[in-house]
1. Find how many whole Å separate the alpha carbon centroid of segment 30-96 from the alpha carbon centroid of segment 1-24.
2. For segment 59-116, build the convex hull from the C-alpha positions and give me its volume per residue in Å³.
3. Extending each Cα 7 Å along its Cβ direction at Ser5 and Met52, get the distance between those two points in nm, one decimal.
4. Could you compute how much accessible surface Phe90 exposes when probed at 1.4 Å, giving the result in Å² to the nearest 10?
5. Over segment 42-103, what is the relative contact order in whole percent, taking alpha-carbon pairs under 8 Å and six or more residues apart?
6. Limiting things to C-alpha atoms, what are the Rg and the maximum Cα-Cα separation (Dmax) for the chain, in angstroms?
7. Could you please put Cys36, Cys30 in sequence from largest to smallest accessible area, using a 1.4 Å probe?
8. Tell me the relative contact order for segment 69-129 as a rounded percent, counting alpha carbon contacts under 8 Å between residues six or more apart.
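The values are calculated or read from the model by the stated rules, or taken from the named source; none is laboratory data. All values reported here derive from a predicted model rather than from experimental measurement. For neighbour counting, all protein chains shown are included, and Cβ atoms are generated from backbone atoms with ideal geometry for every residue, glycine included. The accessibility values were calculated without ligands, DNA or RNA, using every heavy atom of the protein model including side chains. Shrake-Rupley method; radii C 1.70, N 1.55, O 1.52, S 1.80 Å.
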Amino acid sequence: MYKLSKLQNILLSLGALLMVVGACLFVVQCGRQIACWVFLVGTVLFAVIQSMQQYEGRNLVVRRLKRIMNVSDLLILLSGILMVDTQYNFLLPLFRLHGSEGYYAYIEYVYNKWVVLLLIGALLQLYTTYRISGELGQDEPK
């Protein structure tokens, strides 16, 4: 894997910290209007820096795991967007075009669904990080 520079490592850690702080503040309903933006900034930082880390090796398992990691980054980014939508309801007008049925569809399919995307993205991150480190450890000569 491509080694990140010191600045990139700091930005990756800052993004992860902002995600945790933003999600915790949003869940405990402490400053939700700011917490959703803190979370979104953290997700953007984390996903962008992590996508900059490329793998140029020939191991197909690591390549597949890196693609799965990119999907999890996308899910985490979408969870940040949906968290902002949960606070500000900016997608609601798109559903209101269909009357009261549109409102119920919005509640059923969009509102507060950031949690599901975050959970799936976090589980994929955990799995791929663990597996990539194991696969790269096998490639190194002993």
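1. 13
2. Taking only Cα atoms, segment 59-116 has a hull volume of 83 Å³ per residue.
3. With each label point 7 Å from Cα toward Cβ, the separation is 0.7 nm.
4. Phe90 has an accessible surface of roughly 100 Å² with all protein chains in place.
5. Relative contact order for segment 42-103 comes out at 32 percent.
6. Final numbers for Rg and Dmax: 17.8, 66 Å.
7. Cys30, Cys36
8. Relative contact order of segment 69-129: 57 percent.
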